[in-house]
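What follows is calculated from the coordinates using simple rules that are stated; it is not laboratory data. The structure displayed is predicted, hence computed values, not measured ones. Virtual Cβ from ideal backbone geometry, glycine too; neighbours counted across all protein chains shown.
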Amino acid sequence: MRVLLVSAATPDTFWSYKHVLSFISKKACFPPLGLLTVAAMLPKHWNLKLVDLNVTSLIDAQLAWADYVFVSAMLAQAKSAREVIARCGTLDKAVIAGGPLFTTGHTGFPEVKHFVLGEAENIMPELVADMTSGNLKEFYRDEKRPDIRLTPVPRWDLIKFKHYALMPLQFSRGCPFNCEFCDIIVMNGRVPRLKTNEQMIRELNSLVNAGWTDPIFMVDDNFIGNKAKVRAFLRELIAWEQDHGIRLQFTTEASLNLADDPELLDLMVRAGFKRVFVGIETPHEDSLLECAKVQNANRDMLAAVKTIQKSGLEVMGGFIVGFDSDKPNIFERQIEFIQEAGVVTAMVGLLQALPGTQLFSRLKQEGRILHEASGNNVEVSLNFIPTLDRRMLIEGYRSLVKRLYTPKMYYRRILTFLREYRPQGQPIHLSWCDMKAFFKSLWVMGILSRDRREYWKFFTKALLFHRRAFPEAMTLAIMGYHFRRVASGL
């Protein structure tokens, strides 16, 4: 059996880093973990090929080769997915579509005849049997959440490491919280399911043995959803790194209550975690309560952010405007909080009512849904009728993002962060790739840019006053170049 696995292309979004990947000679941030994991569930004797459209193009000869084409996509990748599906239709190729886009929006793809809805582990034996017999059903889904302790090691052999800046791994699925706007609990549930420590060490060994020693992204919905088991895993991870004489770098996602656990913070930093994305959402208390963001409500969020920073972790923050409880001053309040907190990487988006979420259901019942959400976190599009004036909300959002990513405000935010940040462990070893990125940034931002004066002021302060964290400062400066380009297109 010949199966072609196609990962749809990501548009120019906040997290694509499209404008700076060339600094480190990479083509994409990370490969499609879902497809690599699904590939590992297919029979070993089947012939598989993977095409990541963020790295390469899809040619007709690849489609002609395949007996079946697996297409995977997130909401923001809908345009690319439609193009792939259309090409498959022209060549009369059977498409099996899966991933978040199709799990919550399969009705928008009447041309697709076969869908995997939700997680794949439990339904793969049935799907494989039907592919073999040629009698495929329209839908494959299981109401039970799979036991991810049985999930196999991803098929890293289907990709080329050299194209990617990070490698993704997953320790758990699900989040214990119940935020109204979030579709994570729709797809993965509220009870975190975790892999075993031995399983994670096996996956890490598979990466290191294949030659990967660059940063790793733990893509968990909420890495600290089960704190006790996370602590146990981190202790084993630290021991594994010590035994192998290596020091990996990790990024992940977690809830703000991470700040309440000094032991967990210490273990994460000792294990090599450098950055954590936190859904902060809004400094407006009424809006937090409105969307059931209970883990952020009734607390000093500014102090919580600084606690995490002081431990040795950079806080990347998610922020939202457009809640029903937001007041016209929300844009200034967001800027004030982000700047004061030193949240350098601040992803600010307009609220979107994603399909399947409690927010979508509520707004639909109120007659306020206008169309499906795009899933693009920086797209200026409201798919519902807001309580704030629509034009004011959109223009306020545009102004907020553009101001946040002006060089002056961005560099000031880095310096605010560095005053709190306490880097732990040995200084970062700089690779040739890191040095290449550094020198390219000097040329692009320090010489060619119209904002070079702000760049050199920042460069000097970082070098003089934050020498130990200077590599982090330069990394953040480079990332800012991408964010400015994205913000300029709003």
What's log10 of I(q)/I(0) for the stretch 346-423 at q = 0.13, 0.21, 0.27 Å⁻¹, Debye sum over Cα points only, no solvent? -0.54, -0.92, -1.26
Rounded to 0.05, the calculated FRET efficiency for the beta carbons of Lys310 and Leu289 at R₀ = 35 Å is 0.80
Neighbours of Lys310 by Cβ distance under 9 Å: Lys/Arg at +1, Asp/Glu at -1, summed charge +1
How much net charge surrounds Leu75 when only other residues with a Cβ under 9 Å from its Cβ are counted (Lys, Arg +1; Asp, Glu -1)? -2
Expressed as a whole-number percentage, the relative contact order of the stretch 268-329 with C-alpha contacts under 8 angstrom and at least six residues apart is 51
Taking GluC sites (Glu not before Pro) as exposed when DSSP calls them loop (any state but H, G, I, E, B) and at most 12 other Cβ atoms lie within 10 Å, what is the longest stretch of the chain free of them, the sites themselves excluded? 144-365
Compute the relative contact order of the stretch 1-56 as a whole-number percentage, counting only Cα pairs closer than 8 Å that sit 6 or more residues apart in sequence. 61
Answer with one residue from Ile280, Met347, Gln249: the one whose Cα lies farthest towards the positive end of the charge dipole of the stretch 218-367, charges on Cβ with Lys, Arg +1 and Asp, Glu -1. Gln249
Before anything else, pin down the relative contact order of the chain: Cα pairs under 8 Å, at least 6 apart, normalised by residue count, whole percent. 13
Relative to the present Cα-Cα distance, how much length would full extension add between Val208 and Leu448 at 0.36 nm per residue of separation? 82.6 nm
Put a dot 7 Å past each Cα toward the Cβ at Met409 and Ile246; how far apart are the dots in nm? 4.1
When all C-alpha to C-alpha distances in the chain are sorted into bins of 20 Å, what percent of pairs does each bin hold, rounded to whole numbers? 22, 58, 20, 0
Quick one: give the max-minus-min coordinate of the C-alpha atoms of the stretch 166-404 along each principal axis, largest first, in Å. 59, 35, 32
What Kirkwood hydrodynamic radius do you get for the stretch 407-490 when you take the inverse of the mean 1/r over all pairs of distinct Cα atoms, in Å? 13.4
Grab the beta carbon distance between Asp67 and Trp456, set R0 = 45 Å, and tell me the FRET efficiency rounded to 0.05. 0.20
Taking every eigenvalue of the Cα gyration tensor of the stretch 1-133, multiplying by 5 and rooting it, what semi-axes result, largest first, whole Å? 24, 16, 15
Any helix of the chain counts here only if DSSP assigns it H throughout, its Cα atoms span 15 Å or more along the axis, and its mean Kyte-Doolittle hydropathy is at least -1.0, and such helices are 78-90, 197-209, 227-244, 301-311, 330-341, 390-404, 407-420, 432-443, 452-465, 470-488
Inter-site label distance for Lys327 and Lys440 at 7 Å from Cα along Cβ, in nm: 4.6
Quick check: net charge around Asn178, other residues with Cβ under 15 Å of its Cβ, Lys/Arg +1 and Asp/Glu -1? -2
Run the lone-cysteine check on the chain: no other Cys C-beta under 4.7 Å from the residue's C-beta. Cys29, Cys88, Cys175, Cys291, Cys433
Can you list which of the trypsin sites (Lys or Arg not before Pro) found in the stretch 434-476 are DSSP loop residues with at most 16 other C-beta atoms within 10 Å? Arg450
Mind grabbing the base-10 log of I(q)/I(0) for the stretch 47-93 at q = 0.17, 0.24, 0.25 Å⁻¹? Debye formula, identical points on the C-alpha positions, no solvent, two decimal places. -0.47, -0.96, -1.04
Ser488 paired with Asp142, simple spin-label distance in nm, labels 7 Å along Cα-to-beta-carbon: 5.0
Amide H contacts under 5 Å for Cys291, restricted to residues at least 5 apart in sequence or on another chain and with H modeled in the peptide plane, are none
